[in-house]
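Working notes, beginning with the structure itself.
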Amino acid sequence: MSKQPEPLEKLAETASIKADKKVFIKTYGCQMNVYDSTRMSDVLTPMGYGETSAPDDADLIILNTCHIREKAAEKVYSDLGRLRILKSKRAAKGENMVIGVAGCVAQAEGEEILRRAPIVDMVFGPGAYHKLPDLIKRSHNGGRGVVDTDFPIEDKFESLPVPEKKKTLARGKTAFLSVQEGCDKFCTFCVVPYTRGAEYSRPFRQVLDEAHALVDAGVQEITLLGQNVNAYHGEDGAGNDASLARLIHTLADIDGLSRIRYVTSHPRDMTDDLIDAHSEVDKLMPYLHLPVQAGSTRILQAMNRQHTAESYVRLVERIRAGRPDLAMSSDFIVGFPGETEADFQATLDIVKEIKYAQAYSFKYSPRSGTPAASHENPVPEEVMVERLKRLQTVLNEQQVAFNKSCIGKTLPVLLDRRGKREGQLVGRSPYLQSVYIQAPDEAFGEMVNVEIETGMANSLTGRRVLETT
Ligand code: SAH
Ligand code: SF4
Ligand code: F3S
């Protein structure tokens, strides 16, 4: 059993921090970090911290970092360089600014961050957010460079407060909900199993309680999150495992919740009940992010993906058989060590076969500590650049084609953002496209029907109508 953490109120009290402090949180990386940042903010509220979008103003700065590719990690150090100047300006005025580094770089590099950036006061990994009050207290007590990269993750979820209704209301109509964290797949290129630890699923009841709290505060669309979200198997209170499909069916019964999404899935964990959920649950949106990474089975094996190109294509066919309008999305890596031109052609082939509505593609970036980093046969940079360009040309064409295929259709859009133009509201279609319309501000936060008029690379425009088609 893990040690029982101290109650948050007690820690906030002993931290003796003045009320009306400001925290600036910068989030890098995936949606799990976005979720974690909101939860860190929830932990800080009882300590008197309000969020600010201006770092100059902040008493506490948290960089919630990503380690997935080298560039992502380097970005953190260049931001810390800028913060050094800010911190010394504040010190000149006799003011203190606490700087914390959280997330996956914190987990992977720990002490090394303090060595490279001595202005940092706290380094803490994704398993330690609930301990923030204590970490802040320790850094205020003159303790230099506190490091906490402890696991397990379950302590974090058990100790995080239920989000305050007031704060959730202010956050809008769509919300992320982490249900699973960590990864046991060990793809040979990936740092996630090292930075997020072993796969863990939150108990079913805990997830439902959080979903109800979100819906009570007006949330209409929930995206369930996990590094391998479809490996979810939460304990259901009766000692049994509940699958992601069962969770989706149960969430679909919540009145007031209109839309459910989930991300990111692994092809190996697309179970029959989850495939069926795509045809059975109307509230489950017809959009699936299912990373394939590459189209060559030889490369997939070297990546330890545990699926082949053929099994992936068959899987997508099965899901589409039940949900023919399913929009597919994926991640791709080009230039994995040993990738030949023929392997790369196989990636182009699978893209042409599946026809993606949207996708992310990256050059392979060696991450130290991962098996692929020591592979021989690196693909030269200029070859990677050229392959990435060719892949992105095809993916962009497909994205434009998908968006144009929506012209003339009427789609439900949840208007959750204000556009840059006067009177413009923006929301997501069921297929996760951004849709821009002109509408009175009363429509903000509403689900409206929009007849699509134009489709560009990254967005759609349309006009509000009364009926769906
Ligand atoms: N769990 C998800 C992916 C999480 S990481 C899955 O299994 O697909 C998000 C994406 O970053 C990956 O899908 C991969 O495309 C990319 N990525 C991860 N490590 C990388 C590396 N070393 N170099 C380039 N891209 C990488
Ligand atoms: Fe990384 Fe593979 Fe796990 Fe995805 S499944 S997080 S790519 S190790
Ligand atoms: Fe990055 Fe960590 Fe997410 S490495 S992609 S922030 S799990």
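The values are calculated or read from the model by the stated rules, or taken from the named source; none is laboratory data. Computed from a prediction, not measured in an experiment: that's the story for all the values here. Cβ sites come from the backbone with ideal geometry, for glycine too, and all protein chains shown count toward neighbours.
Below, the figures for the structure above:
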| item | result |
| --- | --- |
| Tally, over the stretch 149-175, of residues that are surrounded by fewer than 20 Cβ atoms within 10 Å (Cβ to Cβ) and either within 16 Å of ligand 1 (Cβ to nearest atom) or among the charged types (D, E, K, R) (or both) | 9 |
| Qualifying position, being in contact (Cβ under 8 Å) with a residue 12 or more places away in the chain and either within 16 Å of ligand 2 (Cβ to nearest atom) or basic (Lys, Arg) (or both), among 68, 62 | 68 |
| Qualifying positions in the stretch 214-231 - of a type in the set (S, T, N, Q), over 11 Å from the mean Cα position of the chain (by Cα) and more than 11 Å from ligand 2 (Cβ to nearest atom) | 220 |
| Residue in the stretch 238-254 that is within 30 Å of residue 390 (Cβ to Cβ) and of a type outside the set (Val, Ile, Thr) present | no |
| Among (1) under 27 Å from the mean Cα position of the chain (by Cα); (2) farther than 26 Å from residue 349 by Cβ; (3) free of Cβ contacts under 8 Å to residues at least 40 places away in the same chain - the single one residue 416 does not satisfy | (3) |
| Residues located in the stretch 420-453, provided they are part of a loop (DSSP other than H, G, I, E, B) and surrounded by fewer than 17 Cβ atoms within 10 Å (Cβ to Cβ) | 420, 421, 422, 423, 440, 444, 445, 446 |
| Cβ-Cβ under 7 Å pairs, at least 6 apart or on other chains, the stretch 379-399 side without any contact (Cβ under 8 Å) to a residue 40 or more places away in the chain and assigned by TED's automatic domain parsing to the domain that holds residue 337, far side of a type in the set (Ser, Thr, Tyr) and surrounded by 14 or more Cβ atoms within 10 Å (Cβ to Cβ) | 392/361 |
| Test: residue in the stretch 234-257 that is closer than 27 Å to residue 374 by Cα and at pLDDT 95 or above | no |
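So that you can scan it fast, the table gives a plain yes or no per residue for (1) within 9 Å of ligand 2 (Cβ to nearest atom); (2) out of contact with any strand residue (DSSP E or B) (no Cβ under 8 Å at 6 or more places or on another chain):
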site: 165; (1), (2): no, yes
site: 176; (1), (2): no, no
site: 182; (1), (2): yes, no
site: 186; (1), (2): yes, yes
site: 193; (1), (2): yes, yes
